[in-house]
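Structure first, then comments.
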Amino acid sequence: MGDEHLPSTIRKLTALRASTNFREIISLETLPTPKPGDGELLVRNRFVGINASDMMWAAGKYDPTCKYPLDIGFEAVAEVVEAGPNAIYKPGQPVMYLQFGAFCDYKIVKASVCVPLPEVKAEYLSFILSGNTAAISLDKVGEIKSGETVLVTAAAGGTGQLAVQWAKLKGCHVIGTCSSEDKIQFLKSIGCDRPVNYKTENLGDVLKTEYPKGVDVVFETMGEHMLDTCIDNLAERGRLIIIGYIERYESDKGYEPSHTVATLTARLLKISASVRGFYLKNFAEDFVSYVTKQIQYYKEGKLKSFVDMGEKESAGLFVGLEKIADAVEYLYSKKSIGKIVVDVSSKL
């Protein structure tokens, strides 16, 4: 595609300062359209994903040394519009990428970080960040095995939905927590064996009564009391994977260890259990192979991908860069089911 088809300017969201109040710190900037260099692509974003980590990155909590204004957003499904020398894709190729600064309409990306897609489709966006987090952490850190019991917290979310399905594909019995009755039905639809609405059932009581031997693997994203309950119900040689602590993401106080966490060593020692952290960046060598496998499973009907574009929101669908702040706030409302996606395309 030649220059005559490109706009003279692009737009992107940046964070102006460190704060957990996402809406207050973002700015929509207009810049001259850049040219791709050696091995680079200029892509037009169609769909971008919304993650709890977006707020953490914008607030400077992942990297306290980062400088503002800060490019924000991590993932997008896009289409190549211009290729630099030695780039491996041609204009028109649908791709998905994971790179800082995805909250924009056009972006320069390295061709080497792009995954080719069969088509531009929002459902694929679930796989590169959320899906990889679920699958790689369960396989490489949780070391799940067929016949084990796996507990997934926030199981109806963008990452949780895929953790449930991945564990089921590996032959595990899956317990999933959620916060509403419609999410209970959703979890049943994707194969969750024991959905638990923690607002109407006490998770600790459920686990002690129905799973007296404990849980083999926990995929934990919430923190605070949920983390305590999960640690209390680990089986012998159980593995708890800490993915995040969403209950504290909106707080400027950060993470404050509970009594259970403060006494963790003694508690784990007695049952030979372990708590393991997971950060996707440390497994970059697995990105492409795991995305490719998820796309294969999706096309074979073995893996479902549910996206939420604000269809139930009174303010309307998440369309345009201006709606990203709405989508971030929607994530923390706990109303969403599946992966929250914003359509940033100029073709509406």
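Would you check if there is a residue in region 136-148 being closer than 26 Å to V319 by Cα and part of a loop (DSSP other than H, G, I, E, B)? Scanning region 136-148, I find no residue that is closer than 26 Å to V319 by Cα and part of a loop (DSSP other than H, G, I, E, B), so the answer is no. The set of residues from region 317-342 being in contact with a Lys or Arg (Cβ under 8 Å, 6 or more places away or on another chain) and not basic (K, R) comprises L317, L321, A325, V328, E329, I337, V342. Quick check on region 272-314: of everything there that is hydroxyl-bearing (S, T, Y), part of a loop (DSSP other than H, G, I, E, B) and over 17 Å from the mean Cα position of the chain (by Cα), which residue is surrounded by the most Cβ atoms within 10 Å (Cβ to Cβ)? The extreme case among them is S272. Of all the criteria given as (1) under 30 Å from M96 (Cβ atoms); (2) outside any helix (DSSP H, G or I); (3) modelled with pLDDT under 95, the one not satisfied by G254 is (1). Flag: E143 does not match the condition of being in contact with a helix residue (DSSP H, G or I) (Cβ under 7 Å, 6 or more places away or on another chain), acidic (D, E), more than 21 Å from L6 (Cβ to Cβ) and modelled with pLDDT of 95 or more.
Can we say S53 is out of contact with any helix residue (DSSP H, G or I) (no Cβ under 7 Å at 6 or more places or on another chain) and under 23 Å from T159 (Cβ atoms)?
Details: out of contact with any helix residue (DSSP H, G or I) (no Cβ under 7 Å at 6 or more places or on another chain): yes; under 23 Å from T159 (Cβ atoms): yes.
Considered against the rule, which asks whether it is out of contact with any helix residue (DSSP H, G or I) (no Cβ under 7 Å at 6 or more places or on another chain) and under 23 Å from T159 (Cβ atoms), S53 comes out as yes.
Within region 172-209, work out how many residues are touching a helix residue (DSSP H, G or I) at 6+ places or on another chain (Cβ under 6 Å), part of a loop (DSSP other than H, G, I, E, B) and within 17 Å of K334 (Cβ to Cβ). Count: 0. In this structure, is V174 within 28 Å of D228 (Cα to Cα) and of a type in the set (V, I, T)? Considered against the rule, which asks whether it is within 28 Å of D228 (Cα to Cα) and of a type in the set (V, I, T), V174 comes out as yes.
The residues on offer are I190, I175, I241, and the sole one that is among the β-branched types (V, I, T) and surrounded by fewer than 23 Cβ atoms within 10 Å (Cβ to Cβ) is I190. Considering region 8-55 alone, what residues qualify as being of a type in the set (S, T, N, Q) and under 19 Å from A327 (Cα atoms)? Listed by number, the residues that qualify are T14, S19, T20, N21, S27, N45, N51, S53. Only a single criterion out of (1) under 21 Å from the mean Cα position of the chain (by Cα); (2) under 23 Å from V341 (Cα atoms) is not satisfied by L41, namely (1). Of the listed requirements (1) under 30 Å from S274 (Cα atoms); (2) not in a helix (DSSP H, G or I), S126 misses just one: (2).
Hey, can you tell me all the residues within region 153-171 that are crowded, with 24+ Cβ neighbours inside 10 Å and over 21 Å from G49 (Cβ atoms)?
So the first thing to find is which residues in region 153-171 are crowded, with 24+ Cβ neighbours inside 10 Å, and the list is 153-167.
The answer is A167, and nothing else.
Could you check how many residues of region 314-330 are of a type outside the set (S, T, N, Q), at pLDDT below 90 and at negative phi?
Quick first cut of region 314-330, residues of a type outside the set (S, T, N, Q) only: 315-330.
Going one step further and asking which of them are at pLDDT below 90, we end up with 315-316.
Of the ones still in play, those that are also at negative phi are 315.
Of the residues in that region, 1 qualify.
Of all residues in region 52-86, those satisfying the criterion of being in a loop (DSSP other than H, G, I, E, B), touching a Ser or Thr at 6+ places or on another chain (Cβ under 9 Å) and touching a residue at least 12 places away in the same chain (Cβ under 8 Å) are A59, G60, K61, Y68, P69, I72, F74.
Taking V196, is it surrounded by 16 or more Cβ atoms within 10 Å (Cβ to Cβ), of a type outside the set (S, T, N, Q), out of contact with any Gly (no Cβ under 6 Å at 6 or more places or on another chain) and free of Cβ contacts under 8 Å to residues at least 24 places away in the same chain? Write out each step before concluding.
Numbers: surrounded by 16 or more Cβ atoms within 10 Å (Cβ to Cβ): yes; of a type outside the set (S, T, N, Q): yes; out of contact with any Gly (no Cβ under 6 Å at 6 or more places or on another chain): yes; free of Cβ contacts under 8 Å to residues at least 24 places away in the same chain: yes.
So V196 fits the description; yes.
Please verify whether region 136-155 includes one or more residues that are out of contact with any His (no Cβ under 7 Å at 6 or more places or on another chain), over 30 Å from A273 (Cα atoms) and of a type in the set (S, T, N, Q). The answer is no, given that none of the residues of region 136-155 is out of contact with any His (no Cβ under 7 Å at 6 or more places or on another chain), over 30 Å from A273 (Cα atoms) and of a type in the set (S, T, N, Q).
The values are calculated or read from the model by the stated rules, or taken from the named source; none is laboratory data. Since the structure is predicted, the reported quantities are computational estimates derived from the model, not experimental observations. FYI the Cβ positions are ideal-geometry reconstructions off the backbone, even for glycines, and counts take in every protein chain you see.
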